[in-house]
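What follows is calculated from the coordinates using simple rules that are stated; it is not laboratory data. These numbers come from a predicted model, not from an experiment. Cβ: placed from backbone, ideal geometry, glycine included. Neighbour counts: every protein chain shown.
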């Protein structure tokens, strides 16, 4: 949420005075609906294809997002963006646990999402209302799930977290015309890494897996289209699709549940879509 307040503050302060040196600021605020599927598997290294722990997540979230893009020179721009989920609801989730005394089953889980990003664009060519740019930057993204068994068992908390560090590169095509504008962007990261923690407890039984995923990456497509309400205010639609697949190693802790700390292979795959309504102010 702090990122959104910062973005709002930048936009409001910019609008209060004339910008020097013909600097252009493009600020937008979006209300989005995020949906998708995320799977985590901790596999036994000695017994192929045996899941010591596996969980499937199907988040459905309302997200508030903000972006400020500053263009101090005709050939370069900087971008700061942030997003956070709101009005999260609890949903059922299935998980599988083998090789321990810990029961599996279904859990009522509440998801939480946040992300921030800083990047830059180098404009390779501009003309006739079109702009083609190379973009690069860094994004940090967090998914957090907390819950309890669906059968209402007491003293049985669940806490799963996925924290990603994503340096990315990409290309952007933008179109600017008197009554509308549109942007298309493709991003990729073969360099990202993710920290995973899966922890749950039921009475005296405790189980936790911690993993570091460093192989794989993501591909993301973004697009937006806006039309002018006034000379400086535009409204429109925004869409995004992201696919990520990562591998690494994890360790398990759960002596009371009969699980040893042997290393495991951990695998995470995620597929997410976002649709939203966009309001843009150009200074």
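Extension gain for residue 169-residue 214 works out to 14.5 nm (0.36 nm per residue, less the C-alpha to C-alpha distance). Considering only 121, 205, 34, the mean-square fluctuation computed in a Gaussian network model of the chain, springs between alpha carbons under 10 angstrom, is largest for 205. At a Förster radius of 41 Å, what calculated FRET efficiency corresponds to the Cβ-Cβ distance of residue 75 and residue 269, to the nearest 0.05? Plugging the Cβ-Cβ distance into 1/(1 + (r/R0)^6) gives 0.60. Seen from every direction in turn and averaged, the convex hull around the alpha carbons of region 21-101 projects onto 9.4 nm². Against the main long axis of the alpha-carbon atoms of the chain, helix 2-15 sits at an angle near 0°. Per-residue ellipticity at 222 nm, computed for the chain from helices alone with -39500 (n - 2.57) per DSSP H run of at least four residues, works out to -1500 deg cm²/dmol. Entry note, region 55-207: relative contact order of 18 percent, from Cα contacts under 8 Å with a spacing of 6+ residues.
Across the chain, C-alpha contacts under 8 Å between residues 6 or more apart give a mean separation that, scaled by the residue count, equals a relative contact order of 18 percent.
Distance distribution P(r), region 38-80, all Cα-Cα pairs, bin width 5 angstrom from 0: 5, 15, 11, 9, 8, 9, 8, 10, 10, 8, 6, 1 percent. Connecting C-alpha atoms closer than 10 Å in a GNM of the chain, tell me which of 59, 178, 263 has the biggest fluctuation. Checking each option, the largest mean-square fluctuation is seen for 178. Pairs of Cα atoms nearer than 8 Å and 6+ residues apart set the relative contact order; for region 130-283 it is 18 percent. Computed over Cα pairs, the Kirkwood radius of the chain leads via Stokes-Einstein (0.890 mPa s, 25 °C) to a diffusion coefficient of 119 µm² per second. Among beta bridges from DSSP that stay inside the chain, the antiparallel ones total about 100%.
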